[in-house]
Amino acid sequence: IEVMVTALIIGILAMIAMPSYKEYVIKGKIPDATSNLASKRVQNEQFFQDNRTYVGATGCTADTTSSQFFDFSCTGVTASAYTLQAVGKGSMAGFSYTLDQSNQRTTASVGSGWTLPSPNTCWATSKVGSC
């Protein structure tokens, strides 16, 4: 009976701990997207300072290798505007973050069980949609 009670207690603790741990791991992978987007924005702004255009900026090069959890791309590139995007892959599938030339940050989509921020003017970093 004591062994069964111990197994029951371990089972209950595991049921409580696993969802929290899974959320913790996801929250730990989000900075991979946000820090790379910020870095690519700096590259684009440096390019703009030198060339007075965003067309051809190095931060707008499609990038699928620098991150294990996100692919980076750039859309809407004109002389005066761009939008950087980080799209989740693997365990981060469903998450998508954007950043534009005016430093406007948005969360395009989030994974299952997560909530988009309201208003959507930041990067969601928690399950309840806070930033």
## Note on the structure
Measuring from the longest principal axis of the C-alpha atoms of the chain, the long axis of helix 2-51 (C-alpha) lies at a number of degrees, nearest 10, equal to 10
### Message
Suppose accessible area is computed on protein heavy atoms with a 1.4 Å probe; arrange K127, K22 from highest to lowest.
### Response
K22, K127
### Message
Using only the alpha-carbon atoms, what does the chain span along each of its principal axes? Please give whole angstrom values in decreasing order.
### Response
76, 31, 18
### Net charge, A124 excluded, C-beta distance under 12 Å - Lys, Arg +1, Asp, Glu -1
+3
### Query
Can you list the cysteines of the chain that have no other Cys Cβ under 4.7 Å away?
none
### Task
Take I30, I9 and sort them by solvent-accessible surface of the protein heavy atoms, 1.4 Å probe, largest at the top.
I9, I30
### Whole-number D in µm²/s for segment 28-93 (Stokes-Einstein; Kirkwood sum over Cα pairs; 20 °C, 1.002 mPa s)
178
### Query
How much of the accessible area of segment 1-112, in percent, comes from carbon and sulfur atoms when a 1.4 Å probe is used?
61
### Task
Enter the accessible area of D50 (Å², nearest 10), with the probe set to 1.4 Å and all protein chains included.
130
### Query
Tell me, what is the per residue accessible area of the chain in Å², probe radius 1.4 Å?
59
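Note down the magnitude of the dipole of segment 1-110 about its Cα centre, charges +1 on Lys and Arg C-beta and -1 on Asp and Glu C-beta and zero elsewhere, to the nearest 20 debye.
Values: 8 positive and 8 negative charges, 24 e Å.
With only Lys, Arg, Asp and Glu charged at Cβ, the dipole is about 120 debye.
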### Query
Out of Q46, I26, G59, whose Cα points farthest toward the positive end of the dipole of segment 20-63 (charges: +1 Lys, Arg; -1 Asp, Glu; placed on Cβ)?
I26
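The values are calculated or read from the model by the stated rules, or taken from the named source; none is laboratory data. What you see is a predicted model, and the numbers here were worked out from it, not measured in a lab. Backbone-built Cβ (ideal geometry, glycine too); neighbour counts: all protein chains shown. Ligands, DNA and RNA are stripped out before the accessible areas are found, and what is left, the full protein with its side chains, is counted by its heavy atoms. Shrake-Rupley method; radii C 1.70, N 1.55, O 1.52, S 1.80 Å.
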